[in-house]
Amino acid sequence: VIPQITAIFGTCGGGLSVVPALSDFTFMEDSKAKLFVNSPNALDGNNESKLDTASAKFQAEAGVVDFTGDEETIANGVRQLVSMLPANNEEDAAVSATTDDLNRACPDMAAEIADPALALSDIADDNVFVEVKASYAKEMVTGFIQVDGITIGAVANRTALYDEEGEVAEKFEPVLTVKGAYKAENFVNFCNAFEIPVLTLTNVKGFEATVAAEKEIAIASAKLTYAFANADVPKVNIITGEAYGSAYVSMNSKSLGADLVYAWPTASIGMMDSQLAAKIMYAKEIEEDASVLAEKTAEYAQLQGSVTKAASRGYVDNIVEPVDVRKYVIGALEMLYTKRQ
């Protein structure tokens, strides 16, 4: 009914640790604050000097805490978040006055898309992106931006994380992971509860393939699928790279009720990767002549994986250039502003 925010500045232990876990967003001071159910020294084989499980860093990486920083950073962060959220679930979307050009071009969009935090900043009014759970499941980006003064929730697949010098600090596969699916599902459910439109930047070619992931990936992807299908807020999807198979279906696809789906000219959309499909369909021919693989891969990509073929089948509403993404997002949300269940 109302957004709930917790800020931890001191010790929050035992039963009291349920409070931040019940909240929608949690801020935690990064030097003095402690958050724990069991004290680090109470865990068998562990102690605080070895691994401080009560620290802001640990809890942020575990996905319990959304934002960390010093006291001033937290105070400013809470103010900023409150200004972007509606007061309750029946109030209209939070709207702010903006002087940012609604038709502003985004010339760096194509270069930024590997790290959607940069791309979303480019799309946003005044380049402000508030990332949620930035230290958890980094391959999935969630957060808030405002476009034309209206708050929208953003969900995006990340393949690279850049440091302050602009160098690649971490790389990720364009796959749906267990933690990433849970992170996105929780965020989409929040947006739906408070009538906040959802924008997705999609680049996913499959599911995480490990023994550990296999234990939960079906449940995690099912929850994400349900979250997008169940959300009745305006939903816009932009396919920026690959969009293959069931993993793409789960990422706010047309099949789950996305109102508008845009794709970049370089995007590829289909049941599976073209080369993998060619290997399956023409296994005998490839075994006899390896050069057949490249030919059949290109043929399949053109017939089944190209963005124009996807558009002709109705899976994509429009093919847009990266530089024009901001104005297309604004146009879509203006059209969907009065959407009701």
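The values are calculated or read from the model by the stated rules, or taken from the named source; none is laboratory data. Please read these numbers as outputs of a predicted model, since none were measured by experiment. Backbone-built Cβ (ideal geometry, glycine too); neighbour counts: all protein chains shown. Each accessible area value is taken on the protein alone, full model and side chains, heavy atoms only, with ligands, DNA and RNA left out. Shrake-Rupley method; radii C 1.70, N 1.55, O 1.52, S 1.80 Å.
Among the residues of region 87-98, are any in contact with a helix residue (DSSP H, G or I) (Cβ under 9 Å, 6 or more places away or on another chain), under 23 Å from residue 332 (Cα atoms) and buried (at least 17 other Cβ atoms within 10 Å of the Cβ)? The answer is yes; a qualifying residue exists.
For region 210-227, the criterion of being buried (at least 17 other Cβ atoms within 10 Å of the Cβ) and more than 28 Å from residue 4 (Cα to Cα) is satisfied by at least one residue.
Taken together, 137, 110, 60 contain a single residue that is open to solvent by less than 30 Å² (accessible area, probe 1.4 Å), touching a strand residue (DSSP E or B) at 6+ places or on another chain (Cβ under 9 Å) and under 19 Å from residue 161 (Cβ atoms), which is 60.
Checked across region 234-243, the condition of being within 14 Å of residue 184 (Cα to Cα) and in contact with a Leu (Cβ under 6 Å, 6 or more places away or on another chain) holds for no residue. Of all residues in region 88-96, none satisfies being modelled with pLDDT of 95 or more and either farther than 21 Å from residue 144 by Cα or touching a Leu at 6+ places or on another chain (Cβ under 9 Å) (or both). Just one of the listed residues (41, 76, 127, 46) is open to solvent by 40 Å² or more (accessible area, probe 1.4 Å), at pLDDT below 95 and of a type outside the set (Phe, Trp, Tyr), and it is 41. Taking the condition acidic (Asp, Glu), touching an Asp or Glu at 6+ places or on another chain (Cβ under 6 Å) and open to solvent by less than 60 Å² (accessible area, probe 1.4 Å), does residue 66 pass? The answer is no for residue 66. Screening 185, 195, 170 for residues that are open to solvent by 20 Å² or more (accessible area, probe 1.4 Å), of a type in the set (Asp, Glu) and in a helix (DSSP H, G or I) leaves exactly one candidate, 185. Scanning region 118-138 for residues that are in contact with a Ser or Thr (Cβ under 6 Å, 6 or more places away or on another chain) and not in a helix (DSSP H, G or I) yields 129, 132.
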